[in-house]
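All of the numbers you see were taken from the coordinates with simple rules; none came from a lab. Here the structure is a predicted model, which means the values were calculated and not measured. Please note: Cβ atoms are built from the backbone with ideal geometry, for glycine as well, and neighbour counts cover all protein chains shown.
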């Protein structure tokens, strides 16, 4: 018991306004006076050491990614097709098999299209659903629909967007141990992956014939309380940063920063590319090659980020400028992918995710230094 407690409490009871000020000041010092929905604005990422980077990247394997994840996605997969369902099953099975313990939810809905009512399914994979804040990685898994006269030729949509989906699955698998440890140590910040259905126009791009999945999910998340018991905050407010990947996999991609409020995070991608280059972690990446150009002006593109951007979510849109030459042609296939660029971008994205999540990989002890 604190000596003199009775006297002090009696004194405070005569000065309620002073006591309230003390409580208020204490609250501000303990919380920095920042609502949790604004913590994203002051978030600071860690910078991994070279040994931590090597440890983190030691588990990523392009050839395994190609066989395990990319090829199962290179099928006709427009909404409602058998290939679309097969891809959904692959994504769910892959994430469900990992030790980190992902929660994978389906967002099923039916929407009117130029071809009548069609079913759509978004997949939402969350590492720790109880965490308030989320770093979101997103892509679309559907492929462009071609009408019956094109039968006999399959549109694979390799860059659009099988490769980004495979990259996300590879990140989850390669960093499984690191993500599991981050989940246990960081209850307030987690990783979420969104796989959108129906990004492509089924007939001709219009505001209603496009972005079916992202339009539906953004509206749904805005109307869903977060945390679950909240009365005035929603799931969109829980998104720290929305990183959308599209049209990735062609040779020599270059990316520009589209949004001023996330320019510092885009610059961080450039920094990671430079650091990995200096460590000889990037293959066929001479000094003349650079993927990320923070000062390069690029026009804004309508893509799955727009329904979220319009609701105030901060966005990084990782789409090459110019688009790949194979865009929306039957040459957007496995044969025309650049394996080296994909693996280099895999590594950059994996380091970015770990640093944003403040997740430091365990560095194995050097047997030469062991006692």
Need the full-extension length gain, residue 59 to residue 93, defined as separation in residues times 0.36 nm minus the C-alpha distance. One decimal, nm. 10.3 nm
Grab the beta carbon distance between residue 103 and residue 219, set R0 = 25 Å, and tell me the FRET efficiency rounded to 0.05. 0.75
For the chain: relative contact order, % (alpha-carbon pairs under 8 angstrom, 6 or more apart): 22
Pairwise centroid distance, computed over Cα atoms, of segment 255-307 with segment 99-177, Å: 23
On a 0 to 90 degree scale, rounded to 10, what angle separates helix 82-96 from the longest Cα axis of the chain? 40
Using only Cα atoms and rounding to the nearest 10 degrees, what angle (0 to 90) does helix 212-222 make with the longest principal axis of the chain? 10
May I ask you to compute the full-extension gain from residue 365 to residue 274, defined as 0.36 nm times their residue separation minus their alpha-carbon distance, rounded to one decimal in nm? 30.1 nm
Prolate/oblate/rounded call for segment 44-128, Cα gyration tensor, a/c under 1.5 rounded: prolate
How much space per residue, in cubic angstrom, does the convex hull of the C-alpha atoms of segment 191-250 take up? 108
Starting from the Cα-Cα distance between residue 334 and residue 154, subtract it from 0.36 nm times their residue separation and give me the gain in nm to one decimal. 63.6 nm
What residue among 335, 106, 199 has the largest mean-square fluctuation in a Gaussian network model of the chain, using Cα springs under 10 Å? 335
Working from Cα positions, state the angle (0 to 90°, nearest 10) between the long axis of helix 339-356 and the longest principal axis of the chain. 10
Most mobile of 81, 97, 288 in a GNM of the chain (Cα contacts under 10 Å): 288
Separation between Cα centres of segment 35-85 and segment 336-367, rounded to whole Å: 9
Global geometry of segment 36-357, whether rounded, prolate or oblate, following the gyration tensor of its Cα atoms and the 1.5 cut on a/c: rounded
Is the shape of segment 227-371 rounded, prolate or oblate, going by the alpha carbon gyration tensor and its root eigenvalues a ≥ b ≥ c, with a/c under 1.5 for rounded and a/b larger than b/c for prolate? oblate
